[in-house]
Amino acid sequence: MAADDGDYHGNFGALLEFKISPIQHLYFRISIMLPANSHNFSPEFHKSNKPKTLNFFKSTLNSIQAYFSLHPRFWLFITFLLIQALVIFIARTPPPSLPAEYTSISASENHFHPQTTIVCNNTQLESEKKPLSDTEECGTGKIYVYDLPSMFNKDLVLANCTDLNPWNWECGIVPNHGYGSAATELTGILPGTLSSSWYRTNQFSLEPIFHNRMLHHKCRTLEPESATAFYIPFYAGLAVGKFLWGNDTSKRDWHCRMMIQWVKKQKSWQRSNGSDHFMAVGRITWDFRRLTDPGKLWGSSFLNMPEMQQVTRFTIEKAPGDYYDVSVPYPTGFHPKTEKHLHEWQNFVRYYNRTSLFTFIGAKREIKDDFRGLLLNYCYNESDSCRVVDCGVAQCSTDSSVIHKALLGSDFCLQPRGDSFTRRSVFDCLVAGSVPVFFWKRTAYDQYEWFLPSDPKSYSVFIDHKDVRNGTSIKEVLMRYSKQEIRRKRENLIETIPRIIYAKPNKGLGSFRDAFDIAVDEVLRRIKLEKEWADFVE
């Protein structure tokens, strides 16, 4: 369950074409419309016999122009304020939560608190007591889910696979619409009914989980004419994953090309060229960005195809700088059925007796200067402080109990990069209330802006991997944190748990918004804003 995705692609971030968002486009349009010499608006200033009032006014404007010339930052600041006001006016609602490239709104200000009920002087506001009408609940619009031919989703899932299999990554995706079979091995370490919320969930099961939830979404419409956004339930990760380790790149692209041909025939696509379409992609973005260089043979070219350039895609790891890539949490094994189960889990991790300072879960890789191997050896040498789960020996893929025992029993969990920027273990760590220790800044910090607290220091620790290689003691760094500081970080993690899990009920967890709810709500809001802007400029 803690296995990582493949790192066969190198750093493609710098090679990606940077995309301009509608907000950036708005900034550019307004900037070019502003006159360079604002004091020359009126021809009255060019008359030879100017009244004193006009001379005074001209003198004042000349002074202002000189000030702007000497202080260009002030002019940029004023322009920025005007742009913000115009955007807010267009949207007629508070600005949406956009990726970090385009906004500085913190997650804690918008979605950090797990309960949406507003309390004032211990009295629930009357407006919150009233059930929302269909119009109020779907204020950002409705979603139409395409009924794709089964060859693009259901037929891609293995029919005869009932449990996780360390030699077949597709196993575990079939049961329970992607949630997997029950994690019965956790019954002995979790009290009461808590183990019933845990499943053997495959880390690549995002596509069937989203598909199932979208079919039951409160804002789903069966009439495409009334939809604001369109969901494409294509299991691209399963389609491509079957052929990743073969040499035939055409097979990796075949389902992708066929799906695009199908969707291009739909009237809704033809109206927008895909700009109001979105989908879930169950693998990291790099598995779908094969380059044309003959040496770059890994993955599919799906996301490089022209038709996909305006389609928003949820992926477990995005390409930095790509506006249409939205990173969402890896699926963990925790899928609570009710709000009560969620509360029980939060209290369980809050008060669990943690006897180890830190833990590391992973396996050595046969590569030069393997950092995970370094951490593994370090933990073996610090056995009085570190709990080791060597996945080269333990059955991490089929027995989640070995993972969760270590995470629940440790204050901190070491999280190096996976074979790509991130790995599933980060979210296993967060759900268990163990404080993650990162060694690269280009990791979860710039991937999951909609889901994790905006201040990395509030929930994690950073130790540069170069310092560790040069002899910095991880143990000594972590021992500097007081029990109060650790407790504060853990509390932030506990409040974040609802935002990084995928609930079991088809309609979510009521007053809590889980990762699915946040992802869909924010993309709907973004698509609505873009459509309103397009209508405004026409």
**Study point:** Spacing of the two label points (7 Å from each Cα toward its C-beta) at Asn506 and Thr355, in nm
**Key:** 4.5 nm
Point to revise | Pairs of lysines in the range 219-303 (C-alpha under 23 Å apart; 8 or more residues apart or interchain) | key: 5
Practice item. Please identify every one of the chymotrypsin sites (Phe, Trp or Tyr not before Pro) in the range 217-246 that sits in a loop by DSSP and has no more than 14 other beta carbons within 10 Å of its own beta carbon. Key: Trp245
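Considering all projection directions equally, how large on average is the shadow of the alpha-carbon convex hull of the range 402-538, in square nanometres? Display every interim value, and only then the final one.
Values: hull surface 46.9 nm².
Mean projected area for the range 402-538: 11.7 nm², to one decimal.
By how many nm would the segment from Glu225 to Lys441 grow when fully extended, if each residue of separation counts as 0.36 nm and the alpha-carbon distance is taken off? The partial results should precede the final answer.
Working: separation 216, 0.36 × 216 = 77.76 nm, distance 4.42 nm.
Extra length available between Glu225 and Lys441 comes to 73.3 nm.
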Point to revise | Over 19 Å between alpha carbons, listed pairs Lys441/Lys466; Lys368/Lys405; Lys318/Lys466; Lys142/Lys528; Lys441/Lys483 | key: Lys368/Lys405; Lys318/Lys466; Lys441/Lys483
Check your understanding: For Asn247 and Asp147 in the same chain, what is the full-extension length gain: residue separation times 0.36 nm, less their Cα-Cα distance, in nm?
Key -> 32.8 nm
Practice item. Please find the FRET efficiency linking Lys364 to Gln395, where r is the Cβ-Cβ separation and R0 is fixed at 25 Å, and quote it to the nearest 0.05. Key: 0.95
Review point. Put a dot 7 Å past each Cα toward the Cβ at Lys483 and Lys264; how far apart are the dots in nm?
Key: 6.5 nm
Check your understanding: Roughly to the nearest percent, how much of the accessible area of the range 268-410 is carbon and sulfur, given a 1.4 Å probe?
Key -> 48 percent
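Using a 1.4 Å probe, what is the accessible area per residue for the range 340-493, in Å²?
Spelled out: the 1.4 Å probe surface of the range 340-493, per residue, equals 43 Å².
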Point to revise | Shape metrics for the range 302-438, restricted to C-alpha atoms - Rg then Dmax, Å | key: 17.4, 55
Revision key, fill the gap. Quick calc, Ser454 & Asp535: beta-carbon distance into FRET formula, R0 35 Å, rounding 0.05, result 0.65
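Quick one: which of 420-431, 368-379, 474-485 comes out on top by average Cβ neighbours within 10 Å, and what's the full order, highest first?
Sorting 420-431, 368-379, 474-485 by mean packing, highest first, produces 420-431, 368-379, 474-485.
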Revision key, fill the gap. Packing-ranked peptide list from 258-271, 322-335, 351-364, highest mean Cβ count within 10 angstrom first, is 322-335, 351-364, 258-271
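The values are calculated or read from the model by the stated rules, or taken from the named source; none is laboratory data. From a predicted model like this one, the values you see are computed outputs, not experimental measurements. In this analysis, Cβ positions are derived from the backbone assuming ideal geometry, glycine residues included, and neighbour counts consider all displayed protein chains. What goes into the accessible areas is simple: the full protein's heavy atoms, side chains included, and nothing from ligands, DNA or RNA. Shrake-Rupley method; radii C 1.70, N 1.55, O 1.52, S 1.80 Å.
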